[in-house]
1. Just the number: Rg to Rh for the chain, Cα atoms, Kirkwood Rh, two decimals.
2. Tell me, what % of the accessible area of the chain is carbon and sulfur with a 1.4 angstrom probe?
3. Would you grab the residues whose amide H sits under 5 Å from the one on Tyr47? Only those 5+ places off in sequence or on another chain, please, with H modelled 1.01 Å from N.
4. Please give the per residue accessible area of the chain, computed with a probe of 1.4 Å over protein heavy atoms only, in Å².
5. About its Cα centre, how strong a charge dipole does the chain have in debye, to the nearest 20, once Lys and Arg get +1 and Asp and Glu get -1 at the Cβ?
6. Can you bin the stretch 16-72 into rounded, prolate or oblate? Criterion: square roots of the alpha carbon gyration tensor eigenvalues sorted a ≥ b ≥ c, rounded for a/c under 1.5, prolate for a/b above b/c, oblate for the rest.
7. Which order do Val85, Val56 take when ranked by solvent-accessible area (1.4 Å probe, heavy atoms of all protein chains), largest first?
8. Sum -39500 (n - 2.57) across every DSSP H segment of at least 4 residues in the chain, then divide by the residue count to get the 222 nm mean residue ellipticity, nearest 500.
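The values are calculated or read from the model by the stated rules, or taken from the named source; none is laboratory data. Keep in mind it's a predicted model, so treat the numbers as computed, not measured. Note that we place each Cβ from the backbone using ideal geometry, even for glycine, and neighbour counts take in every protein chain shown. Accessible surface areas use protein heavy atoms only, side chains included; no ligands, DNA or RNA. Shrake-Rupley method; radii C 1.70, N 1.55, O 1.52, S 1.80 Å.
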Amino acid sequence: TTLLIVTDTQSPKLVRFPILREKASRLSIIDHHRAGDDGYKEWLSYYVESSASSSVELVSEMFMFYNPGIEITPLEASIMLAGIVVDTNNFMFRSGTRTFEAASTLKTMGADMIYVKKLLRQPIHMEQELAQAFLRAEIVQNRFAVVCLEPDQIVEDRTTLAKISDKLLTIDGID
(Lines give C-alpha, C1' and ligand atoms only; values in the text may rest on other atoms or scores of the structure.)
Protein backbone atom coordinates (compact mmCIF):
# COMPACT_ATOMS: atom_id res chain seq x y z
CA THR A 1 0.00 0.00 0.00
CA THR A 2 3.04 2.29 -0.04
CA LEU A 3 2.65 5.39 -2.17
CA LEU A 4 5.85 6.87 -3.56
CA ILE A 5 5.61 10.42 -4.88
CA VAL A 6 8.30 11.19 -7.44
CA THR A 7 8.91 14.84 -8.26
CA ASP A 8 11.10 16.62 -10.79
CA THR A 9 12.17 13.37 -12.45
CA GLN A 10 10.71 12.76 -15.89
CA SER A 11 12.13 9.28 -16.37
CA PRO A 12 12.35 6.20 -14.14
CA LYS A 13 15.98 5.97 -15.25
CA LEU A 14 16.71 9.22 -13.41
CA VAL A 15 15.11 8.34 -10.07
CA ARG A 16 17.68 8.96 -7.33
CA PHE A 17 16.88 5.75 -5.42
CA PRO A 18 15.58 3.16 -7.91
CA ILE A 19 15.20 0.53 -5.18
CA LEU A 20 12.45 2.67 -3.60
CA ARG A 21 10.62 2.94 -6.91
CA GLU A 22 10.81 -0.80 -7.36
CA LYS A 23 9.46 -1.48 -3.86
CA ALA A 24 6.54 0.96 -4.00
CA SER A 25 3.28 -0.60 -5.11
CA ARG A 26 1.75 2.77 -6.00
CA LEU A 27 3.41 5.68 -7.77
CA SER A 28 2.46 9.33 -8.24
CA ILE A 29 4.39 11.67 -10.51
CA ILE A 30 4.61 15.47 -10.17
CA ASP A 31 6.90 17.11 -12.69
CA HIS A 32 7.49 20.10 -14.91
CA HIS A 33 9.59 18.28 -17.53
CA ARG A 34 8.14 16.73 -20.65
CA ALA A 35 8.20 12.96 -20.46
CA GLY A 36 10.23 11.14 -23.08
CA ASP A 37 9.67 7.71 -24.57
CA ASP A 38 11.17 6.14 -21.47
CA GLY A 39 8.62 7.78 -19.13
CA TYR A 40 6.72 6.08 -16.35
CA LYS A 41 4.40 3.33 -17.57
CA GLU A 42 2.31 2.61 -14.49
CA TRP A 43 1.18 5.24 -12.00
CA LEU A 44 -1.68 6.08 -9.71
CA SER A 45 -1.60 9.80 -10.51
CA TYR A 46 0.35 11.80 -13.04
CA TYR A 47 0.56 15.59 -12.80
CA VAL A 48 2.97 16.96 -15.38
CA GLU A 49 2.80 20.52 -16.54
CA SER A 50 5.73 21.67 -18.64
CA SER A 51 4.63 25.32 -18.47
CA ALA A 52 5.49 25.39 -14.76
CA SER A 53 8.88 26.75 -13.77
CA SER A 54 9.54 23.95 -11.32
CA SER A 55 7.96 20.95 -9.65
CA VAL A 56 7.96 22.96 -6.43
CA GLU A 57 5.65 25.45 -8.12
CA LEU A 58 3.20 22.61 -8.79
CA VAL A 59 3.44 21.22 -5.26
CA SER A 60 2.93 24.62 -3.65
CA GLU A 61 -0.14 25.14 -5.84
CA MET A 62 -1.43 21.84 -4.52
CA PHE A 63 -1.03 23.23 -1.00
CA MET A 64 -3.13 26.25 -1.91
CA PHE A 65 -5.88 24.42 -3.80
CA TYR A 66 -6.19 21.00 -2.18
CA ASN A 67 -5.18 21.66 1.40
CA PRO A 68 -4.87 25.35 2.24
CA GLY A 69 -4.43 24.47 5.92
CA ILE A 70 -1.33 22.37 5.36
CA GLU A 71 1.59 23.23 7.58
CA ILE A 72 5.23 22.72 6.76
CA THR A 73 8.25 23.80 8.73
CA PRO A 74 10.29 26.88 7.78
CA LEU A 75 13.13 24.48 6.88
CA GLU A 76 10.89 22.56 4.48
CA ALA A 77 9.58 25.81 2.98
CA SER A 78 13.16 27.07 2.54
CA ILE A 79 14.26 23.85 0.85
CA MET A 80 11.29 24.10 -1.51
CA LEU A 81 12.07 27.75 -2.27
CA ALA A 82 15.64 26.69 -3.05
CA GLY A 83 14.18 24.36 -5.69
CA ILE A 84 12.42 27.28 -7.36
CA VAL A 85 15.58 29.41 -7.18
CA VAL A 86 17.62 26.65 -8.86
CA ASP A 87 15.06 25.84 -11.57
CA THR A 88 14.53 29.49 -12.48
CA ASN A 89 18.18 30.52 -12.15
CA ASN A 90 17.36 33.08 -9.44
CA PHE A 91 13.96 33.93 -10.99
CA MET A 92 15.64 34.92 -14.28
CA PHE A 93 14.24 32.20 -16.57
CA ARG A 94 10.83 30.52 -16.84
CA SER A 95 9.44 32.72 -14.07
CA GLY A 96 5.84 33.79 -14.28
CA THR A 97 3.06 34.91 -12.02
CA ARG A 98 2.60 31.37 -10.78
CA THR A 99 6.27 31.16 -9.86
CA PHE A 100 6.09 34.27 -7.70
CA GLU A 101 2.81 33.13 -6.15
CA ALA A 102 4.46 29.84 -5.21
CA ALA A 103 7.45 31.69 -3.73
CA SER A 104 5.08 33.97 -1.83
CA THR A 105 3.19 30.98 -0.44
CA LEU A 106 6.45 29.43 0.73
CA LYS A 107 7.52 32.74 2.24
CA THR A 108 4.30 32.88 4.28
CA MET A 109 5.12 29.35 5.45
CA GLY A 110 8.46 30.58 6.81
CA ALA A 111 10.88 30.21 3.89
CA ASP A 112 14.02 32.24 4.49
CA MET A 113 15.91 33.51 1.44
CA ILE A 114 19.14 33.99 3.39
CA TYR A 115 18.99 30.34 4.42
CA VAL A 116 18.22 29.40 0.78
CA LYS A 117 21.42 31.16 -0.31
CA LYS A 118 23.34 29.23 2.37
CA LEU A 119 21.82 25.97 1.16
CA LEU A 120 22.95 26.69 -2.38
CA ARG A 121 26.55 27.54 -1.55
CA GLN A 122 29.08 25.27 -3.19
CA PRO A 123 32.32 23.80 -1.93
CA ILE A 124 35.52 25.39 -3.23
CA HIS A 125 36.36 22.38 -5.43
CA MET A 126 33.08 22.85 -7.33
CA GLU A 127 33.81 26.54 -7.91
CA GLN A 128 37.29 25.57 -9.11
CA GLU A 129 35.83 22.97 -11.48
CA LEU A 130 33.44 25.55 -12.91
CA ALA A 131 36.24 28.10 -13.26
CA GLN A 132 38.43 25.54 -15.03
CA ALA A 133 35.65 24.73 -17.48
CA PHE A 134 35.04 28.45 -18.00
CA LEU A 135 38.70 29.00 -18.80
CA ARG A 136 38.61 26.21 -21.38
CA ALA A 137 35.57 27.63 -23.15
CA GLU A 138 35.89 28.56 -26.80
CA ILE A 139 33.43 30.81 -28.61
CA VAL A 140 32.18 29.37 -31.90
CA GLN A 141 30.50 31.53 -34.56
CA ASN A 142 30.39 34.41 -32.05
CA ARG A 143 27.38 32.90 -30.28
CA PHE A 144 28.10 29.42 -28.92
CA ALA A 145 30.37 28.53 -26.01
CA VAL A 146 31.97 25.08 -26.20
CA VAL A 147 34.07 23.54 -23.45
CA CYS A 148 36.60 20.82 -24.25
CA LEU A 149 37.83 19.11 -21.12
CA GLU A 150 41.00 17.11 -20.70
CA PRO A 151 40.66 13.56 -22.08
CA ASP A 152 40.93 12.08 -18.59
CA GLN A 153 38.49 14.55 -17.04
CA ILE A 154 34.97 13.25 -16.51
CA VAL A 155 31.95 15.27 -15.46
CA GLU A 156 30.09 12.71 -13.40
CA ASP A 157 26.69 14.29 -12.97
CA ARG A 158 24.16 16.29 -14.93
CA THR A 159 24.01 18.96 -12.23
CA THR A 160 27.62 19.94 -12.86
CA LEU A 161 26.98 20.08 -16.61
CA ALA A 162 24.00 22.35 -15.97
CA LYS A 163 26.11 24.61 -13.74
CA ILE A 164 28.79 24.89 -16.42
CA SER A 165 26.14 25.72 -19.02
CA ASP A 166 24.50 28.31 -16.78
CA LYS A 167 27.86 29.93 -16.12
CA LEU A 168 28.63 30.11 -19.85
CA LEU A 169 25.26 31.73 -20.51
CA THR A 170 26.38 34.72 -18.44
CA ILE A 171 28.75 35.69 -21.26
CA ASP A 172 27.37 38.53 -23.38
CA GLY A 173 26.20 37.28 -26.78
CA ILE A 174 26.25 33.59 -25.95
CA ASP A 175 23.19 31.57 -26.91
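1. 1.01
2. C and S atoms contribute 56 percent here.
3. Under 5 Å from the amide H of Tyr47 lie the amide H atoms of Ile29, Ile30, Asp31, each far enough along the sequence or on another chain.
4. Here the residues of the chain average 67 Å² of exposed surface.
5. 220 debye
6. oblate
7. Val56, Val85
8. Using -39500 (n - 2.57) per qualifying helix, the result is -12500 deg cm²/dmol.
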